Amino acid sequence: MKIVLISGSTRRDSVNTAVLATVRHILGNLPGEHESVLLPVGELPFYETELERTDGSAAVRAAKELVTGADALFISTPSYNGEMPGALKNALDWLSRAQGEEPSPLTGKVAAVTSASPGVRGGVDAQTGLTGLLARCGARVVDHEPVAVARTHTLVTEDGRYTDQELVARLESLTRALIAELAPAGDRAEVLV
């Protein structure tokens, strides 16, 4: 199973990238084979129709290929004034575009969404706009209670990932829900345990 990890932040030491590092660690400890790859949204040029007509850029082509070849997406976003940041919105704009006769890379893709912030709400406000955009683009957002990582400055990290047991358990629950969404119907209950 291949899962593309997307951080809505372009900062090097982003708390959202730390969330995804935690998810990557969780995936490594779950049964089965799970490959996870980070899609760097900051490398994509601003969406522009003329650039799209000329086949985009190498970074756009690579991003579309990566998402097209994946089974699922796991996105962690900060909240900028209650919304996802422009870099993430820009990446999703590129990924929402059909490829000739083929549907967009987001069409039918299963996606899990979380958020992280040093604030008390953990960026949860940005999740509504993000899940709405993903749904409009044809992605299937995992049905799970919101997981918002608050007060990130108080959480301990090890090797770039969070180690707080309660947080890891919440992220594991969301990760298992994502994997269950991809499992055949008869196997879903087993994945969630």
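Using the per-residue mean of other Cβ atoms lying within 10 Å as a proxy for protection, in what order, highest first, do the peptides 13-26, 141-154 fall?
Details: 13-26: 22.3, 141-154: 16.2.
Descending packing order for the listed peptides: 13-26, 141-154.
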Percent of all alpha-carbon pairs of segment 79-120 at distances over 12 Å, whole number, is 70 percent
Could you go through segment 95-100 in sequence order and give the Karplus-derived ³J(HN,Hα) for each residue, using 6.51 cos²θ - 1.76 cosθ + 1.60 with θ = phi - 60°, rounded to whole Hz, and x for Gly and Pro? 6, 7, 7, 4, 10, x
Please give the length that would be gained between LEU182 and SER57 if that part of the chain were fully extended, namely 0.36 nm times their separation in residues minus their C-alpha to C-alpha distance (nm, one decimal). 41.9 nm
Highest GNM mean-square fluctuation, the chain, Cα pairs closer than 10 Å: which of THR163, THR114, THR131? THR163
Quick one: net charge around GLY129, please, counting Lys, Arg +1 and Asp, Glu -1 for every other residue with C-beta under 12 Å from its C-beta. 0
Whole-Hz ³J(HN,Hα) for each residue in segment 111-120, computed from phi via Karplus 6.51 cos²θ - 1.76 cosθ + 1.60 with θ = phi - 60°, x for glycine and proline: what do you get? 9, 9, 10, 9, 8, 8, 6, x, x, 6
How big is the gap, in Å, between the Cα center of segment 72-133 and the Cα center of segment 15-55? 11 Å
Given Cβ point charges of +1 (Lys, Arg) and -1 (Asp, Glu) and nothing else, what value in debye, to the nearest 20, does the dipole of the chain about its Cα centre take? 280 debye
Integer Hz, Karplus 6.51/-1.76/1.60 couplings in order for segment 147-161, x for Gly and Pro: 10, 10, 9, 9, 6, 4, 5, 9, 8, 7, 10, 9, 6, x, 10
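If you take all C-alpha pairs in the chain, what percent of them are over 30 Å apart?
On the way: 2913 of 18528 pairs.
More than 30 Å apart: 16 percent of the Cα pairs in the chain.
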May I ask for the angle, rounded to the nearest 10°, between helix 15-29 and the longest principal axis of the chain, with both axes built from Cα atoms and the value confined to 0 to 90°? 70 degrees
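Quick note: the coordinates plus some simple rules give every number you see, no bench work behind them. From a predicted model like this one, the values you see are computed outputs, not experimental measurements. Positions of Cβ are generated from backbone atoms using ideal geometry, with glycine treated the same way; all protein chains shown enter the neighbour counts.
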